[in-house]
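Each remark here refers to the structure printed beneath this line.
The values are calculated or read from the model by the stated rules, or taken from the named source; none is laboratory data. Being a predicted model, the structure only gives us computed values, none of them experimental. When we count neighbours, we look across all protein chains shown, and the Cβ atoms used for this are built from the backbone with ideal geometry, even at glycine.
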Amino acid sequence: MRPDRLLYGPFNERFDKASTVWLDKHSAQVFSLYKDIHSHPELSGHEKRTSRILAARLKSAGLKVLEGVGGYGVVGILSNGAGPTVLIRADMDALPVEEETGLPYASRTRGVMHACGHDVHTATLAAVAKVFSENRPLWRGTAVFVGQPSEETASGAQAMVDDPRWKRVPRPGACLGLHVDADVPVGRISLVSGWFTANTDSIDVIIHGKGGHGARPHEAEDPIVAAAQVIVALQTIVTRRVDPIEPVVITVGSIHAGQKHNIIPDRAVMQLTVRTFSPKVRRQVLSHIKEAVADASRAAGCRARPEVKTGVEFTAALYNDPRLCEHARSVFTKIIGRGKVVAFPPTTGGEDFSVYVNALRVPCLLYGVGAVSPRPLGRFRSPAGRPALHSSRFAPVAQPTLRMCVRSMCALAASLMGRP
């Protein structure tokens, strides 16, 4: 069969058993790797140490390894006869956050922390590769393991697929990924079918006015007034210009103008984030934003043409293939039981995992693995009040979370592979 065709086979009970036996024997090693990565976080574009460690782990498992793909990207290829090809991705970068977890293995790098669980993802990838390598008699096909840099800046995936060496990576039949879930307790898995994450656009706006004295506003062209009108106009795009069934978020995250009480400045600078799902609605909203800025600027008497820069940063929406999602639900139910696989709605957050899907045009699934204790801890009185992802106090319940990550990914990937 073609390697880019999936089998959607039944639950591979023998492989799942092998993965649990492997975890029983090696869970301390997986935890040790996680702690090491957590203690030495690296920001986007600086994942030198992490990528070197991951590459070494993949090589020791007998994989063919490509290093330095799109920066510090790592790709491990494990070929095991004729059968489907499945790509498994983990992101490696950390965040510019000062850690406040109090963990004995807390970050040793001032102002940098694995506050989003990418340390869990990287340790999981290394472990899953080892399980597949040591159990080749139980599956057929090719497993591709991708350690991706710069997910937090939404640039790493694109850099990897743009790298000429990416052409040496076998084309998969599906792309799989997981993410720790700070809203779900350990022992559970969350699934979103269809649109999962949103298109995320960063937009820069510059409104040009004419400076003057605050006591003689009629002699000036006030860009601050124009900016205030833009803020109101942007919200009417959501409420009056777009089908109310379509989710849209427009947020003004930054606005800067002027420097003294009695001076009307020459310009106002705004930074926006825009979240949509469908490509059609995205195009519509971006067009309306340009119109709103131009109209508000003109109405406020600012004669110079304003600047609206779209595409400053962009991440495409992620679509979880419904068939693959339903297949995963069946597989996960086998390993954790009915009622522990929970359906979640989409999020307007961004995720550049979508780059692989759009570049390869294959189905994908990104799922969540519960990472928090089911009981409130300390001053966090309810699950909703726990530290969220990107928080300086976010700390997954590491060992059971790692075990679930490894076991669930092994079970899902193996179910899509060939059998001996």
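Confirm whether residue 191 is among the hydrophobic types (A, V, I, L, M, F, W, C), buried (at least 23 other Cβ atoms within 10 Å of the Cβ) and under 20 Å from the mean Cα position of the chain (by Cα).
Answer is no for this residue.
Does residue 118 meet the test of being buried (at least 24 other Cβ atoms within 10 Å of the Cβ), under 27 Å from residue 363 (Cβ atoms) and in the same structural domain as residue 371 (by TED's automatic domain parsing)?
Criteria met by residue 118.
Where the second residue is assigned to a strand (DSSP E or B) and of a type in the set (Ser, Thr, Tyr) and the first is in contact (Cβ under 8 Å) with a residue 12 or more places away in the chain and lies in the range 64-83, which pairs have Cβ atoms under 6 Å and are six or more apart or on separate chains?
Final answer for the pair search is 79/142.
Suppose we filter the range 217-240 for residues that are buried (at least 17 other Cβ atoms within 10 Å of the Cβ) and of a type in the set (D, E, K, R); how many remain?
Going through the range 217-240 one residue at a time, the tally reaches 2.
Looking at 304, 317, 359, 299, which one is in contact (Cβ under 8 Å) with a residue 24 or more places away in the chain and exposed (fewer than 14 other Cβ atoms within 10 Å of the Cβ)?
None of the other options fit; the residue is 299.
One line per residue, one yes/no per condition, for (1) more than 42 Å from the chain's Cα centre (by Cα); (2) of a type in the set (Gly, Ala, Ser); (3) under 30 Å from residue 324 (Cα atoms):
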{"position": "205", "(1), (2), (3)": "no, no, no"}
{"position": "211", "(1), (2), (3)": "yes, yes, no"}
{"position": "214", "(1), (2), (3)": "yes, yes, no"}
{"position": "219", "(1), (2), (3)": "yes, no, no"}
{"position": "222", "(1), (2), (3)": "no, no, no"}
{"position": "230", "(1), (2), (3)": "no, no, no"}
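Among the candidates 103, 58, 66, which residue alone is surrounded by 19 or more Cβ atoms within 10 Å (Cβ to Cβ) and more than 27 Å from residue 350 (Cβ to Cβ)?
Residue meeting the stated conditions: 58.
Quick one: count up the residues across the range 242-254 that are surrounded by 17 or more Cβ atoms within 10 Å (Cβ to Cβ) and either assigned by TED's automatic domain parsing to the domain that holds residue 345 or closer than 22 Å to residue 207 by Cβ (or both).
Qualifying residue count, the range 242-254: 1.
Would you check if there is a residue in the range 240-250 being under 23 Å from the mean Cα position of the chain (by Cα) and either at positive phi or assigned to a strand (DSSP E or B) (or both)?
Checked against the condition, which is being under 23 Å from the mean Cα position of the chain (by Cα) and either at positive phi or assigned to a strand (DSSP E or B) (or both), the range 240-250 yields at least one hit.
Checking the conditions here, which among 58, 7 is within 30 Å of residue 162 (Cα to Cα) and over 26 Å from the mean Cα position of the chain (by Cα)?
Testing whether each residue is within 30 Å of residue 162 (Cα to Cα) and over 26 Å from the mean Cα position of the chain (by Cα) leaves just 7.
Of everything in the range 74-132, what is of a type in the set (Asp, Glu) and over 26 Å from residue 144 (Cα atoms)? Give them in sequence order.
98, 99, 100, listed by residue number.
Could you please let me know if residue 329 is closer than 27 Å to residue 182 by Cβ, surrounded by 13 or more Cβ atoms within 10 Å (Cβ to Cβ) and of a type outside the set (A, V, I, L, M)?
yes
For residues in the range 84-100 being in contact (Cβ under 8 Å) with a residue 60 or more places away in the chain and in contact with an Asp or Glu (Cβ under 8 Å, 6 or more places away or on another chain), which is surrounded by the most Cβ atoms within 10 Å (Cβ to Cβ)?
Among residues in the range 84-100 that are in contact (Cβ under 8 Å) with a residue 60 or more places away in the chain and in contact with an Asp or Glu (Cβ under 8 Å, 6 or more places away or on another chain), the one surrounded by the most Cβ atoms within 10 Å (Cβ to Cβ) is 91.
Please pick out the residue among 204, 183 that is in contact with a Pro (Cβ under 9 Å, 6 or more places away or on another chain) and surrounded by fewer than 21 Cβ atoms within 10 Å (Cβ to Cβ).
Of 204, 183, the one residue that is in contact with a Pro (Cβ under 9 Å, 6 or more places away or on another chain) and surrounded by fewer than 21 Cβ atoms within 10 Å (Cβ to Cβ) is 183.
Report the residue count in the range 149-173 for those that are in a helix (DSSP H, G or I) and in contact (Cβ under 8 Å) with a residue 40 or more places away in the chain.
Result for the range 149-173: 10.
If residue 176 satisfies every condition in (1) surrounded by 21 or more Cβ atoms within 10 Å (Cβ to Cβ); (2) part of a loop (DSSP other than H, G, I, E, B) but one, which is the exception?
The one condition residue 176 does not meet is (2).
Looking only at the range 255-278, which residues are closer than 27 Å to residue 319 by Cβ, surrounded by fewer than 20 Cβ atoms within 10 Å (Cβ to Cβ) and β-branched (Val, Ile, Thr)?
If the condition is that a residue be closer than 27 Å to residue 319 by Cβ, surrounded by fewer than 20 Cβ atoms within 10 Å (Cβ to Cβ) and β-branched (Val, Ile, Thr), then 273 is the only one that fits.
Condition check: touching a residue at least 24 places away in the same chain (Cβ under 8 Å), within 24 Å of residue 145 (Cα to Cα), surrounded by 22 or more Cβ atoms within 10 Å (Cβ to Cβ) and outside the structural domain of residue 234 (by TED's automatic domain parsing). Does residue 351 satisfy that?
Taking the combined requirement at face value, the residue satisfies it.
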